[in-house]
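Trainee: Quick one: the structure is below, and I'll ask about it shortly.
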Amino acid sequence: MSAFKKKKLNPPKRVCLRLKEARESCGMSLERLSQKTKISKDFLQALEECRFQDLPSAEVYQKNFLKSYVEALCIDPDPFLKQYLSEECDKKKKSINLNKKIKKNYLENLPFFLRYSLALIFLLSLFSYLGLQVKNIVEPPKLEIFSPPQGYITTELSVLLQGQTDKEVTVSVNGKDVGTNEKGVFEAQIDLSVGVNTLTIEAKKKHGKTTQEVRHVVLKASES
């Protein structure tokens with residue numbers, strides 16, 4: 001049996017704990033240290049308690065806080081900075097690399113069929129969207145005339161024109177614009193003259209495609 005026993009080595013203290021010990025050994029309070037370094041007491045306390053997430057996230061700010069902290073105690077900051085870089089910055093890099101690896105492995109571990117299906121769904125959705133856009137450009141607008149019917153005969157001096165087209169389409173009757181609502185519904189009171197009146201209704205898209213409908217309305221002279 002060996003006469004020597006292996007001595008357990010205590011893990012080295014983290015840099016933040018060493019900072020607090022150094023300050024207390026110098027007999028300096030956090031308030032006094034804050035005055036000397038011009039750093040908020042809350043930030044100094046977060047530094048001592050290893051709460052690096054409560055400090056400005058940029059590495060350069062954390063390094064400057066640590067350097068100012070140690071220099072205010074008249075101690076060489078280099079060993080503390082090296083330990084900080086070794087402990088905290090390496091830990092962040094490892095964490096980022098681990099997250100990237102997990103995401104990569106997650107995608108790689110998806111069944112081939114599932115990955116293929118997701119890609120196919122995405123492509124189909126994209127082509128459907130593009131197809132709709134092209135269709136809206138190429139196809140002429142719809143145009144429905146609700147009234148008057150073709151060949152309508154009346155003794156009134158005007159007739160109510162009603163119909164519907166697509167959204168964002170311009171409607172005109174015999175060259176005069178007629179307003180539409182948000183659903184493309186339109187109506188207008190059209191003056192008539194005795195005899196056959198030709199109403200040419202035209203719906204026009206922004207891209208120039210048009211649809212045209214013609215209605216003939218007969219105004220009979222009233223018998224006196």
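Trainee: Select, from K183, K176, K204, the only residue that is assigned by TED's automatic domain parsing to the domain that holds T155 and either touching a residue at least 60 places away in the same chain (Cβ under 8 Å) or touching a Leu at 6+ places or on another chain (Cβ under 6 Å) (or both). Don't jump to the end; show me each part of the working.
Mentor: On the way: K183 fails: either touching a residue at least 60 places away in the same chain (Cβ under 8 Å) or touching a Leu at 6+ places or on another chain (Cβ under 6 Å) (or both); K176 fails: either touching a residue at least 60 places away in the same chain (Cβ under 8 Å) or touching a Leu at 6+ places or on another chain (Cβ under 6 Å) (or both).
Only one candidate qualifies: K204.
Trainee: If you check S193, S222, which single one turns out to be in a loop (DSSP other than H, G, I, E, B), at negative phi and at pLDDT 90 or above?
Mentor: From the options S193, S222, the qualifying one is S193.
Trainee: Out of the residues in the stretch 72-89 that are in contact (Cβ under 8 Å) with a residue 24 or more places away in the chain and under 16 Å from K20 (Cβ atoms), which is nearest to the chain's Cα centre (by Cα)?
Mentor: Here the answer is E88.
Trainee: With the structure loaded, tell me whether Q53 is modelled with pLDDT of 80 or more and within 33 Å of the chain's Cα centre (by Cα) or whether it fails that test.
Mentor: yes
Trainee: Please name all residue pairs, on different chains or six or more residues apart, with Cβ atoms under 9 Å, provided the first residue is in the stretch 137-156 and is closer than 13 Å to R215 by Cα and the second residue is among the polar types (S, T, N, Q) and part of a loop (DSSP other than H, G, I, E, B).
Mentor: none
Trainee: Return yes or no: is I121 modelled with pLDDT of 75 or more and assigned by TED's automatic domain parsing to the domain that holds E31?
Mentor: no
Trainee: Among all residue pairs at least 6 apart or on different chains, which show Cβ distances below 8 Å where the first residue, located in the stretch 45-57, is in contact (Cβ under 8 Å) with a residue 24 or more places away in the chain and the second is among the hydroxyl-bearing types (S, T, Y) and in a helix (DSSP H, G or I)?
Mentor: Hits for this filter: L47/Y69.
The values are calculated or read from the model by the stated rules, or taken from the named source; none is laboratory data. Everything numeric here is computed off the predicted structure, so don't read it as measured data. In this analysis, Cβ positions are derived from the backbone assuming ideal geometry, glycine residues included, and neighbour counts consider all displayed protein chains.
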